[in-house]
Amino acid sequence: MRAVLQGAALAQLRSAELELEAGRYVVLSSEADALSSLISITAGRERPRHGLVLLDGVAPASTPGARRKIAALFAEEALPPAPTVAASVARALAARGADPGSARALLSDAGLAPLADLPERLLGPREARSTALALALAHDSAELFALHEPLATLLASSFVLAALARHTARGALVLSTTTSAADANALGGHWLCIELGRLRALAATPRLGAGPWQQVLVETSDRRKLSQLLHESPLGLSTELGTTPNALKVTGPALDVTVRELALLARQHDLEIQRIEAAVPPVEALLAARAGFARGAYEASRTAALGTTAAASPALPPAPEQRIQVGLESPFPPETP
Amino acid sequence: MSIRAGIDLARERLSQRATLVAGALALSFELGDALLERAHGAVGAADRALAGGSFGIALPLLCYFLVARACDGKNLRDAVLPLARHGLDRRALTLGLAIPTALLAAAFAALSSVLVVLVTRGPGDPRLVPDAATCLWIGLTSGAAYVAAFIGASALGRRGQGRFWLLVADFVLGAGDSFLALPWPKAHVRNLLGGTQVLELSQLGALFALLGTSLAFLWLGTLRSQR
């Protein structure tokens with residue numbers, strides 16, 4: 001599946017420029033309406049007001065065959081009307097061409113068995129979204145998963161992440177949107193960002209700069225040696241000591257780059273990694289990052305106007321396998337004298 | 001497959017107590033109006049009750065309600081979304097959605113108009129059977145036509161407000177007999193019942209105009225909501 005969005009706009013989403021191949025992507029933004037619109041147009045729920053959305057060359061909003069290959073979770077969900085939730089799920093499965101008899105098993109697998117016999121119209125928004133997510137994750141022939149806040153439902157995060165990993169492994173394109181940095185960390189994959197209603201993911205877009213939102217907490221048998229190795233790394237990683245004797249806090253250009261480098265160095269130098277996790281950034285750090293986006297643009301244009309590149313931040317080498325990168329500048333660009 | 005799924009969708013949404021209550025209210029209003037017209041004067045009571053309370057007020061309001069229920073109070077596109085998102089054709093789903101709604105409205109219009117004729121004319125009136133037979137087919141046609149028009153209009157507006165604007169236009173513009181009344185069902189239903197003619201159309205012309213404009217609304221609505 002190849003998804004192409006060319007200047008696609010709808011409501012608060014002012015413009016989305018994307019070319020996505022199979023893989024896992026997460027769009028992080030504080031603009032919930034824009035995220036919801038992105039999922040709506042990608043899944044073919046609505047046509048974009050401007051621009052194009054093409055999945056393998058066809059518009060999903062006007063092609064039933066393309067929608068059959070999409071599993072979606074919208075901000076507001078409506079299940080097919082039926083006397084019970086199980087009957088509603090069965091109706092959705094029948095529409096998809098799957099076996100309606102597996103509805104109860106599907107709900108049970110997702111931990112939603114208690115909902116099966118409830119009247120469908122009595123479901124609250126969260127329960128309806130949970131059922132819709134269970135339906136989406138069970139779509140084994142889907143080539144595109146377009147999911148809005150997939151970790152904000154009644155389904156266990158471990159179940160959702162395992163299902164997404166399974167679908168990614170079989171070659172599906174998983175596009176998730178969230179307003180939570182912690183959820184984005186958990187969802188993993190390539191990060192994208194919507195800023196002022198605009199989403200742009202091109203190969204030349206800079207990564208999210210180093211900062212507390214790109215920190216990894218690692219516990220190792222020899223943190224001094226690991227720290228030294230990391231400082232020698234060409235990726236510009238920095239370290240500081242953690243609160244426990246084995247802990248080390250590593251800050252890098254992007255989580256995946258940092259973790260890959262950590263794993264590589266540990267293997268090469270026979271260091272044991274006892275624990276590794278992404279540090280959840282505080283809200284203030286994310287707000288600072290947002291402010292830094294505007295500041296970075298200002299600094300870049302000022303530098304260009306002065307005709308000097310000396311003051312500009314050194315560019316980090318992009319990871320070869322990461323095509324889509326996060327569109328934020330460093331939040332704390334160096335002050336120009 | 002998609003049409004069948006659309007029929008099931010509408011059946012499920014319409015098989016609620018609110019539909020029964022609305023039908024009972026509409027029937028009570030029609031019969032009450034018929035009794036008042038008969039009390040006012042037996043001559044022309046059937047015509048006044050049919051063109052006024054029955055086909056003029058109760059039927060459009062009930063059809064509006066039924067379509068709003070079938071669409072779950074939403075835009076036509078969103079109304080079929082629970083199944084269209086899984087790969088079913090929106091146009092076929094819309095047609096499926098229209099079928100049970102139109103059948104219900106047509107049955108109600110036919111039955112209620114026969115009862116109105118019975119109340120206004122009385123059992124002994126020699127015109128009872130011919131008038132009832134005429135009302136039967138006019139009721140069947142106009143009920144289905146109103147539903148088709150409202151479903152088509154539901155494609156307009158984020159929450160399907162198009163059907164409300166159609167209802168308003170039908171009441172306001174459809175009451176006349178000029179060119180402005182031509183697109184609205186009320187004007188042609190009145191013509192079929194023997195009332196004033198729009199642009200001096202014959203009854204056959206009014207029948208074709210009623211079906212033509214209503215199906216045009218439905219066609220435009222399905223075009224707008226795409227596949």
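What follows draws every value from the coordinates through simple rules; no lab data is involved. On a predicted model such as this, the values are computed, not experimentally measured, just so you know. No Cβ is skipped: glycine too gets one built from the backbone with ideal geometry, and neighbour counts run over all protein chains shown.
The figures follow:
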{"read-out": "Tail weight of P(r) past 39 Å, computed on alpha-carbon pairs of the protein assembly as shown, percent", "value": "44 percent"}
{"read-out": "Two-decimal log10 I(q)/I(0) for chain B, as the Debye equation yields it once each C-alpha is a single scatterer, q = 0.11, 0.14, 0.15, 0.18 Å⁻¹", "value": "-0.52, -0.82, -0.92, -1.23"}
{"read-out": "Taking chain B and dividing mean pair separation by its residue count, relative contact order in percent (alpha carbons under 8 Å, at least six apart)", "value": "23 percent"}
{"read-out": "Ordering of B:175-188, B:12-25 by packing [mean C-beta count within 10 Å, highest first]", "value": "B:175-188, B:12-25"}
{"read-out": "Per-residue average of Cβ from other chains inside 10 Å of A:96-108", "value": "1"}
{"read-out": "In nm, spacing of pseudo-spin labels at A:R224 and A:R275 (7 Å Cα→C-beta vector)", "value": "2.2 nm"}
{"read-out": "Point-to-point label distance, A:L235-A:R121, nm (Cα→Cβ direction, 7 Å offset)", "value": "5.5 nm"}
{"read-out": "Check: chain B dipole with +1 on Lys, Arg Cβ and -1 on Asp, Glu Cβ, in debye", "value": "920 debye"}
{"read-out": "Exposure proxy order (Cβ contacts within 10 Å, fewest to most) of A:D140, A:D222, A:D270", "value": "A:D270, A:D140, A:D222"}
{"read-out": "11 Å beta-carbon shell around B:A70, net charge (K/R +1, D/E -1)", "value": "+3"}
{"read-out": "Check: the protein assembly as shown dipole with +1 on Lys, Arg Cβ and -1 on Asp, Glu Cβ, in debye", "value": "820 debye"}
{"read-out": "Efficiency of FRET between A:E76 and B:F179 - r from beta-carbon atoms, R0 35 angstrom, step 0.05", "value": "0.25"}
{"read-out": "Neighbouring partner chain Cβ atoms per residue of A:60-69, average, 10 Å criterion", "value": "5"}
{"read-out": "Within-14-Å neighbourhood charge of B:P130 [Cβ basis; K, R +1; D, E -1]", "value": "-1"}
{"read-out": "Estimated [θ] at 222 nm from DSSP helical runs (n ≥ 4, -39500 (n - 2.57)) normalised by residues in chain B, nearest 500", "value": "-23000 deg cm²/dmol"}
{"read-out": "Neighbourhood charge, 11 Å Cβ-Cβ cut-off, centred on A:P125 and excluding it, Lys, Arg +1 and Asp, Glu -1", "value": "-1"}
{"read-out": "Residue order, fewest to most beta carbons within 10 Å, for B:F108, B:F164", "value": "B:F164, B:F108"}
{"read-out": "Loop-located GluC sites (Glu not before Pro) in the range A:1-109, at most 14 other Cβ atoms within 10 Å (DSSP)", "value": "A:E21, A:E76"}
{"read-out": "Relative contact order of the range B:116-227, pairs being alpha-carbon contacts under 8 Å that are 6 or more residues apart, as %", "value": "27 percent"}
{"read-out": "Per-residue mean of C-beta atoms belonging to partner chains within 10 Å, peptide B:75-85", "value": "6"}
{"read-out": "Whole-percent pair-distance distribution, where bins are 5 Å wide, for the alpha carbons of the range A:1-47", "value": "5, 21, 32, 28, 12, 2"}
{"read-out": "Burial ordering of A:C193, B:C63, fewest other beta-carbon atoms within 10 Å first", "value": "A:C193, B:C63"}
